[in-house]
Amino acid sequence: MMGQIDVGDRVEIFLDSRKFKWEGWYPGVVFRIDPYSNHRRFYWVRLDEDSRALLGIREISIFNPKFIRKSV
């Protein structure tokens, strides 16, 4: 089970090759959390500079908890 993630936490998000050119885990910082239900949330992540340059996106929302993890 995923530990609690809060605004300001360093995280890694997983993007798969079905929707993105480059599959893998990318670092960033959570800047907003929008509730969806009592148990699910949208985690808004601002990607690090290297990830932005590679992917061509600055921010992304992650809904599926298996695609976000706290950075070590």
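Residue 26 falls short on exactly one of the conditions (1) among the hydroxyl-bearing types (Ser, Thr, Tyr); (2) in contact with a Leu (Cβ under 9 Å, 6 or more places away or on another chain); (3) at pLDDT below 95, and that condition is (3). Restrict the check to segment 20-31 and report whether at least one residue is of a type in the set (A, V, I, L, M) and surrounded by 17 or more Cβ atoms within 10 Å (Cβ to Cβ). Checked segment 20-31: at least one residue is of a type in the set (A, V, I, L, M) and surrounded by 17 or more Cβ atoms within 10 Å (Cβ to Cβ). Scanning segment 1-25 for residues that are assigned to a strand (DSSP E or B) and more than 8 Å from the chain's Cα centre (by Cα) yields a count of 4. Considering segment 44-72, the residues that are in contact (Cβ under 8 Å) with a residue 40 or more places away in the chain and not in a strand (DSSP E or B) include one that is surrounded by the fewest Cβ atoms within 10 Å (Cβ to Cβ), namely 66.
From the residues in segment 34-43 that are outside any strand (DSSP E or B) and either without any contact (Cβ under 8 Å) to a residue 12 or more places away in the chain or out of contact with any strand residue (DSSP E or B) (no Cβ under 9 Å at 6 or more places or on another chain) (or both), which one is most open to solvent (accessible area, probe 1.4 Å)? Let's see the steps before the verdict.
First, pick out the residues of segment 34-43 that are outside any strand (DSSP E or B): 36-40.
The next check asks that each one be either without any contact (Cβ under 8 Å) to a residue 12 or more places away in the chain or out of contact with any strand residue (DSSP E or B) (no Cβ under 9 Å at 6 or more places or on another chain) (or both); those that pass are 37-40.
Numbers: 37: 52, 38: 133, 39: 160, 40: 82 Å².
Here the answer is 39.
Applying the selection to segment 5-19, what residues are within 18 Å of residue 59 (Cβ to Cβ) and open to solvent by 80 Å² or more (accessible area, probe 1.4 Å)? Break it down stepwise before answering.
Filtering segment 5-19 down to residues within 18 Å of residue 59 (Cβ to Cβ) leaves 5-15, 19.
Passing the criteria: 7, 10, 19.
The values are calculated or read from the model by the stated rules, or taken from the named source; none is laboratory data. Keep in mind that what you see is a predicted model, and the values were worked out from it rather than measured. Because the Cβ atoms are built from the backbone with ideal geometry, glycine has one as well, and the counts that use them run over all protein chains shown. Each accessible area value is taken on the protein alone, full model and side chains, heavy atoms only, with ligands, DNA and RNA left out. Shrake-Rupley method; radii C 1.70, N 1.55, O 1.52, S 1.80 Å.
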